[in-house]
Amino acid sequence: MPSTVLWATDIFGRVLTLSTDGQQWAPCKNGYLEFKRVSAVRSCCWGIGCNHQIYVYIHSSDLPIRYQEETYENQRWNPVDGYCEKLLPSDRWQWSDVTGLQHQQLDSFELPSPHWEWESDWYVDENIGGQPTEKGGWTYAIDFPATYTKDKKWNSCVRRRRWIRYRRYKARDTWAKVPSHEDTQQLPDPFNDITVGGWEITDEPVGRLSVWTASLQGKVWYRENVCQNNPEGSLWCEMETPSEVIQISCGPYDLLWAALWEGQAIVREGICRNNPKGNSWTVVEAPTPENGIMHVSVGVNVVWAVTKDHKVWFRRGVNSHNPCGTGWVEMVGEMTMVNVGLNDQVFGVGYEDRAVYFRQGVTTSELSGKAWKAIVVPRGNDRSDSESSSSLVSAGCYFGDEVKEQSDSTIHSDIDSNNETEQTLMQENSSVAPVNEATSEDKPETEDLGAVLELGSQQKASSNHLENSTEDTTFSESPLAKTGAPRWTSIDLVEARANPTEALTDTSGLSTLGLFSSGEEEPFVSDLHPLWTWVSGGGCLIESHTPLKWFTLQTGLIASMQSMSLSITPAHTAAWRKQIFDQLSERSKREQDSFRHYEQAVEQSVWVKTGTLQWFRDWKPNKWIDVRVALEQFLATDGSRDSILFIYYTHYEEKKYIHVFLNEVTILVPVANEAKHSFAIYTPENTKQRWPFRLAAATEEEMHDWLVLLSMSCCESRKILGPPSNQAIWSVTCKGDIFVSEPTPDLESLTNASSCDQMFWCQIGGHLRVVESSSSGVVWGLGYDNTAWVYTGGFGGGFFQGIASSTDNIFPQTDTKCVYIYENQRWNPITGYSSTGLLTDRYMWSDASGLQECTKANTKPPSPQWSWVSDWYIDFNVLGGTDREGWQYAADFPSSYHGYKTIKDFVRRRRWARKCRVVTNGPWLEVPPIPLRDISITPSSGTHSKELISLWAISNKGDVLCRLGVTKQSPSGSSWLHVGTDQPFISVSVGGCHQVWAIARDGSAFYRGSVSSTQPAGDCWYHIPSPHKQKLQQVSVGNTSVFVVDENGNLWFRQGITPTYPQGTTWEHMSNNIRKISVGPLDQVWVIADKVQGSHSLSCGTVCHRLGVQPMQLKGHSWDYGIGGGWEHITVRGNNAEASKSVQSEGETIRKQDPQERIEEENSSQHVANC
């Protein structure tokens, strides 16, 4: 997980950030500005300066912030002048927007603020619907408005063309002042508070944020049109409020609370995707009438508040359906403010010590957490990493009431000393407060008490004790009811208080923090710990497994150990490993030579493992039956191993068995099955039949044990050990499992090519959607959440542990994807659209095909390894568009769906999505921070380890990127270089001789010109017309050939590519039912195909190899079918091992060539020579 930062301001107005993997506060740039409050998200931070003006801080990124300005030039034809600027009085403006209603001349466009700059001058867009227009970019129509085409006809009376200009946001990593009002004559309203949220409400437009502010006059303002391409927004919109507001807080979703001067809180209702500003306010009373609310903070399902007596309160029962909640719970400690960050984690600023606190133990099941703990780390500009004695006390200072073992803590420091293991954590116990005259509705029910989290308290010690103490002291109190509880019906729970004397007397179990002696302390270290005024955790992501180093100061011993460990480089470690390995190898050889003259005592050894599994029998009716399984492994005199797997079953009371030689097994695949922990065993014969052996275990652990054992036996029988080679072929299943296969030398032979169903595939740990390899050994992968990962050179991982996995280069990996179900409805004259369908209709809750019933209750994650991380929500990003409620309409099931209702639409559907996450490990290291959609690495390898390797990618937003600094020694590279485009792209491929091809979102193809090692990003794009009426989806470029796949599964080959004309001439159709394609450095073609016929059934997602590919015949002649189905992706970009040339080529018959074919072959040969 990439590091995120916590934002805070001190009493001097300085803004500092603390990284989740850091140990010191880093000052923010533009230190001359002083800020009162800040509100942060992952991408930016908004703040209010001491001059009461709004500023925004945008993090730097390799992706620029670009905004496209456009205007249309309109012309009409007349018999005298032809097409000219003379329009009819009823026509649109000569220069207008796309609708023609707004006048937009080229010189009328201005930069919205000084933080923008023009990227280029105006130019004409010569592309329409993926097809290039004639020179000039004109499109023609009969009249305004109408449907425009690129072809001029006899009745084309009007024409128009689009002019484009881009502006770029330049204020990155600095505070930029946001304009207050559009009217320069109006005095700016001084702002008092600001909050940023709402990024989960909708993803259209990309990066949309809700920015709310409160002014000194108590007004509430909303910033319009804040999104990724417009980070400053456009204008302020004043919102009506029932009273004057002093503070406001907005959550990631639809929660918005504000505190009033009178001490009450107001809640904004009606916030949704179509109305992010909401529609009404609801008043919520304060917990106590004498001490009103002065501060609130909201998250996804939580609301925290601070009253005027600095007490902290937690609001129960808050969610999207009930944003007001049900009642208040008093929490421990006294705070000046609290802030809810990502994952509903809570931060606060203490009232007495002004320290920043973190709420530990906050989970989805315990939203109120367990205890407060102070964050004690030095500031980056401090002269010493040591703090005063008072700050050392705060390092272990909790708000709690009883000692708890450290193993119960949810957040640990990974640099804890031995004394830290004895450090205590308070567990908070809850009790019902004695509220007098409370109504029965206000009293919590018995079962509600179990849902309330453990609550605790801390009694503050005196100032003198804090200043003089050098121990990590925890203060607790006896569980006594709070005296003088206020009579207020909105309070349904109050924390227990404890006797302060008990904690002060019983300190035997508390550990101390290691300190430098007085002689070791530097004489100038005498400042107190920083005094903070504000903290914002909206951009700080903390999960249960996130290691934090915020709560422990380094002692002299730990610091010296860390400095010593930093002096040990990976080069030293590698040299030591090699030296030890050489010594052990020499000793082993010496021992074997000493006993070589002795005869073997045992000629052959047999090892057997048995167990009980289930087998999916291969005769009808097909069903699971209980079987006995035995694995026998033989060790021969020469040290070779072979294994046989026996499956014993009973058929009509007759005992039978099936045996499988593991040296014939080609792959072992875990099967995604909700009800069974099953896996499949493939042999060449099973591959041809598309019917593998399927076995299921009772538990997931047992299935993994069998998979590891069988995989190790298969690798031993084939003498395969260690990481894959640079020439390995990588593939990914639809389940996300990663497999590699070592190609044989004759795999690409023209005469006796080995069948690809004989290939052995070995699983690699991790979970990915796409893998891209190269012959240089650089391998990248993309997860389902578009996170980029780079291969570290290890093997194993996942459930492969011990000797089946490498000990180093294995790192944690997480992946997130969505599960989709469809809600279907049919229209009838009485009730309109309802869930009552015809008998022949699909299920009212189904999958995409409608053949399987899928409801919210019975839909499970893809496998037991996955867990839900969100609730069900409506997905608006559906092909064809949706209406405001997410519905798509059609005439009947199934049909072509559209996002608007017509008179002929009798059915409708909408898609629901839910996110799930898998946590695993493998030889993959994350490459933050830009999520990627597609990636391509040049298939040719460099001559030495420091030679730069060309790597291109497409971001999840459609930006084209070129990775800089990629070498064999540094496969992750250094930074991204943005390559400008006029529209979002979806696919990219870089081939031999720096050929770069890409596919745009509209399905058109582009070629990047002038790409070289000295100019890695090239200079311009050349538009390549697509096949007639086809939208392209993927491109793959080999050494001299280019192949594309369209959205209908058709495979196309680009003809006429030569060094002098690398764009080629025409497209030639080759095959259909193609899902993915990969072209290697030898121009070999491998695809993932659907509807492959087997002896048992059709197979979707099958690995196929194109036969007969050679320099004179790049298209090949036939397909060879390999492993399948269920495969999603394959890459052969690393296989540059040429097959041994045979003396006699295939087919001695000499035929007369067609002249055009001879010319193509000559051009192809010339291209190969020039490369």
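The values are calculated or read from the model by the stated rules, or taken from the named source; none is laboratory data. As the structure is a computational prediction, the values presented were derived from the model and not from experiment. When we count neighbours, we look across all protein chains shown, and the Cβ atoms used for this are built from the backbone with ideal geometry, even at glycine. Just so you know, the surface numbers come from the protein's heavy atoms only, side chains and all, with ligands and any DNA or RNA stripped out. Shrake-Rupley method; radii C 1.70, N 1.55, O 1.52, S 1.80 Å.
For this structure, a couple of remarks:
- Residue check for TYR889: of a type outside the set (A, V, I, L, M, F, W, C) and in a strand (DSSP E or B): yes
- Of all residues in segment 194-209, those satisfying the criterion of being out of contact with any Lys or Arg (no Cβ under 7 Å at 6 or more places or on another chain), touching a residue at least 40 places away in the same chain (Cβ under 8 Å) and surrounded by fewer than 16 Cβ atoms within 10 Å (Cβ to Cβ) are GLU200, ASP203, GLU204.
- Segment 1068-1083, subset surrounded by 24 or more Cβ atoms within 10 Å (Cβ to Cβ) and of a type outside the set (A, V, I, L, M), residue nearest to GLN727 (Cα to Cα): GLY1080
- Those residues of segment 980-1029 which are out of contact with any Gly (no Cβ under 7 Å at 6 or more places or on another chain) and of a type in the set (D, E, K, R), in sequence order: ASP982, LYS1029
- When TRP122 is tested against (1) open to solvent by 70 Å² or more (accessible area, probe 1.4 Å); (2) over 22 Å from ASP151 (Cα atoms), just one condition goes unmet, and that condition is (1).
- Looking only at residues in segment 1022-1040 that are out of contact with any strand residue (DSSP E or B) (no Cβ under 7 Å at 6 or more places or on another chain) and either aliphatic (A, V, I, L, M) or touching a residue at least 60 places away in the same chain (Cβ under 8 Å) (or both), the one that is most open to solvent (accessible area, probe 1.4 Å) is ASN1039.
- Breaking point among (1) farther than 30 Å from VAL919 by Cα; (2) surrounded by fewer than 20 Cβ atoms within 10 Å (Cβ to Cβ), for ILE48: (2)
- Against the conditions (1) of a type in the set (D, E, K, R); (2) open to solvent by less than 10 Å² (accessible area, probe 1.4 Å); (3) free of Cβ contacts under 8 Å to residues at least 12 places away in the same chain, ASP1019 satisfies every one except (2).
- Single match in ARG1054, ARG1106 (criterion: over 32 Å from the mean Cα position of the chain (by Cα), assigned to a strand (DSSP E or B) and closer than 29 Å to ASN686 by Cα): ARG1106
- Strands (runs of 3 or more DSSP E) fully within segment 193-298 counting 2 or more residues that are among the β-branched types (Val, Ile, Thr) and under 27 Å from TRP313 (Cα atoms): 210-215, 245-250, 265-269, 280-284, 293-298
- Verdict on TRP212 being in contact with a Cys (Cβ under 7 Å, 6 or more places away or on another chain) and open to solvent by less than 20 Å² (accessible area, probe 1.4 Å): yes
- Exactly one residue among PRO939, PRO923, PRO971, PRO931 is modelled with pLDDT under 90 and either closer than 14 Å to SER775 by Cβ or of a type outside the set (Phe, Trp, Tyr) (or both), and that residue is PRO939.
- The single condition among (1) modelled with pLDDT of 85 or more; (2) within 37 Å of the chain's Cα centre (by Cα); (3) open to solvent by 20 Å² or more (accessible area, probe 1.4 Å) that TRP691 does not satisfy is (1).
- Selection from segment 314-328 of residues that are part of a strand (DSSP E or B) and either within 21 Å of PRO252 (Cβ to Cβ) or within 32 Å of the chain's Cα centre (by Cα) (or both): PHE314, ARG315, ARG316
- Between ASN809, ASN786, the distinction of being in contact (Cβ under 8 Å) with a residue 60 or more places away in the chain, within 30 Å of VAL1037 (Cα to Cα) and assigned to a loop (DSSP other than H, G, I, E, B) belongs to ASN786 only.
- All positions within segment 325-345 that are free of Cβ contacts under 8 Å to residues at least 60 places away in the same chain and not charged (D, E, K, R): GLY325, MET335, VAL338
- Look at segment 845-869: where a residue is at positive phi and a partner is surrounded by 14 or more Cβ atoms within 10 Å (Cβ to Cβ) and not in a loop (DSSP other than H, G, I, E, B), sitting 6+ places away or on another chain with Cβ atoms under 8 Å, you get GLY850/TYR822; GLY850/ASN824.
- Segment 56-73 residues that are part of a strand (DSSP E or B), paired with ones that are of a type in the set (A, V, I, L, M) (beta carbon under 7 Å, 6 or more apart): VAL56/ALA176; VAL56/VAL178; ILE58/ALA171; GLN68/ILE164; GLU70/ILE164; THR71/LEU106; TYR72/VAL98
- Considering the conditions (1) closer than 29 Å to HIS59 by Cβ; (2) open to solvent by less than 40 Å² (accessible area, probe 1.4 Å); (3) part of a strand (DSSP E or B); (4) not polar (S, T, N, Q), VAL919 is excluded by exactly one of them, (2).
- Residue match in segment 883-897 (condition: open to solvent by 70 Å² or more (accessible area, probe 1.4 Å), closer than 30 Å to PHE800 by Cβ and touching a strand residue (DSSP E or B) at 6+ places or on another chain (Cβ under 9 Å)): no
- Selected residue (criterion: nearest to ARG909 (Cα to Cα)) from residues of segment 840-860 that are charged (D, E, K, R), open to solvent by 60 Å² or more (accessible area, probe 1.4 Å) and assigned to a loop (DSSP other than H, G, I, E, B): LYS856
- Failed condition for ILE830, given (1) under 30 Å from SER678 (Cβ atoms); (2) among the β-branched types (Val, Ile, Thr); (3) open to solvent by 30 Å² or more (accessible area, probe 1.4 Å): (1)
- One residue stands out among those in segment 298-351 that are touching a strand residue (DSSP E or B) at 6+ places or on another chain (Cβ under 7 Å) and of a type in the set (D, E, K, R): the one that is surrounded by the most Cβ atoms within 10 Å (Cβ to Cβ), which is ARG315.
- Test: residue in segment 153-168 that is assigned to a loop (DSSP other than H, G, I, E, B), in contact with a Gly (Cβ under 8 Å, 6 or more places away or on another chain) and surrounded by fewer than 17 Cβ atoms within 10 Å (Cβ to Cβ): no
- Residue in segment 44-62 that is modelled with pLDDT of 90 or more, of a type in the set (D, E, K, R) and more than 19 Å from PRO179 (Cα to Cα) present: no
- Some residue of segment 109-125 being without any contact (Cβ under 8 Å) to a residue 24 or more places away in the chain and not acidic (Asp, Glu): yes
- Applying a threshold of 6 Å to beta carbon distances and a minimum spacing of six or more residues, or different chains, the list of pairs starting in segment 993-1004 at a residue that is on the phi > 0 side of the Ramachandran plot and ending at one that is part of a strand (DSSP E or B) reads GLY1003/LEU1032.
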